[in-house]
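Here's the structure, in structure tokens; my notes come after.
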Amino acid sequence: MDYKLKNKSVVVTGGSKGIGFAICREFLKEGAIVTFNARKKEEVDDAVEELSLTQIEGETPESLKSRIHGVVCDGTDESAVTELAKSAADKSEDNSIAAWVNNIGTNRARAGEDYTDDELDYLISANFKATVFGTQAAAHYMKDNGGSIVNIASLAARAATTGRSTIYAAMKAAVVQYSKTVAGEYGAYNVRVNALMPGYTLTPLVASTFTKEALDKLMENNLLGRMAKPEEVAKAVLFLASPVSSYITGTSLEISGGHNTVLNPEYAFLKKENE
């Protein structure tokens, strides 16, 4: 399928690893000019090198590097995000940005009564303010030609994890509602805004944080019985970010393998074993 992004400028915040890195790779496969950011120079440099090794017919690492632009900046800093947007727009023929993915997010697991003032500021900035600043910066370069903004929320926006994501879940729910609000504001300019709610995804960070037993336990209430691969989430982002989804805006797409959808998903697996 042609996602109509060849030679289009796109931005992925927090694109140096995990889901963000997978999103950058999917955009590259579609011929887009990809700009991403991370806070540390070594993370940016490593990601550029790894992305340049993506196997794409007719491409070499050198040709791919001409379409990969890693920027060292803090995605929670409004002025830095403004400059990030300008840098991406300058790489397009018409000074525009076709797609922007607000991917920055983080968590600090605490009981509900244990968050400090500094931690609240940190979590609100990373999980909500970064999305607002990114959306504002993107919209500035999309109003003339249209475009798509995809905000990465989380399954936690619908089903929070008690004792682990009190603030994270609340901020991701805010991202979902914010996406609907700005979709209404920018629809007149053919700028679409949607939220994506990934469930448990097997990123390198998750794999290094949880034991196999813990991961298996988490998947007991998943209809597909497994975690998502980062590229599966990235393909959903690609769909929402591209003109292929031209009549979809103001919505939230859950990509969770049906996690917490029914009370007894293990029934189907037990039935299959006994067939």
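The values are calculated or read from the model by the stated rules, or taken from the named source; none is laboratory data. These figures come from a predicted structure and were not determined experimentally. Every residue, glycine among them, receives a Cβ derived from its backbone with ideal geometry; neighbour counts consider all protein chains shown. Ligands, DNA and RNA are stripped out before the accessible areas are found, and what is left, the full protein with its side chains, is counted by its heavy atoms. Shrake-Rupley method; radii C 1.70, N 1.55, O 1.52, S 1.80 Å.
With the condition kept exactly as written, say whether any residue in the stretch 158-169 is open to solvent by less than 50 Å² (accessible area, probe 1.4 Å), touching a Lys or Arg at 6+ places or on another chain (Cβ under 9 Å), among the small types (G, A, S) and under 29 Å from S87 (Cα atoms). Scanning the stretch 158-169, I find no residue that is open to solvent by less than 50 Å² (accessible area, probe 1.4 Å), touching a Lys or Arg at 6+ places or on another chain (Cβ under 9 Å), among the small types (G, A, S) and under 29 Å from S87 (Cα atoms), so the answer is no. Evaluated against (1) in contact with a Gly (Cβ under 7 Å, 6 or more places away or on another chain); (2) without any contact (Cβ under 8 Å) to a residue 24 or more places away in the chain, T209 falls short on exactly one condition, (1).
Each row is one residue, and each column tells you yes or no for (1) surrounded by 18 or more Cβ atoms within 10 Å (Cβ to Cβ); (2) without any contact (Cβ under 8 Å) to a residue 24 or more places away in the chain.
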residue: A214; (1), (2): no, yes
residue: A234; (1), (2): yes, no
residue: V262; (1), (2): no, no
residue: L270; (1), (2): no, yes
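Residue count for the stretch 138-154 satisfying the condition of being open to solvent by less than 10 Å² (accessible area, probe 1.4 Å) and assigned to a helix (DSSP H, G or I): 2. Is it true that K65 is among the basic types (K, R), open to solvent by 60 Å² or more (accessible area, probe 1.4 Å) and closer than 29 Å to Y122 by Cα? Here the answer is no, as K65 does not meet what is asked. Residue count for the stretch 206-239, restricted to those that are of a type outside the set (D, E) and closer than 21 Å to V262 by Cβ: 12.
Are there any helices (runs of 4 or more DSSP H) wholly within the stretch 169-268 with 3 or more residues that are under 17 Å from the mean Cα position of the chain (by Cα) and farther than 23 Å from F133 by Cα, and if so which? So that I can check it myself, show each step before the final result.
Working: elements: 204-209, 212-218, 230-241.
Once the helices (runs of 4 or more DSSP H) in the stretch 169-268 are filtered for at least 3 residues that are under 17 Å from the mean Cα position of the chain (by Cα) and farther than 23 Å from F133 by Cα, what remains is 204-209, 230-241.
Checking the stated criteria, T203 turns out to be at pLDDT below 95 and of a type in the set (V, I, T).
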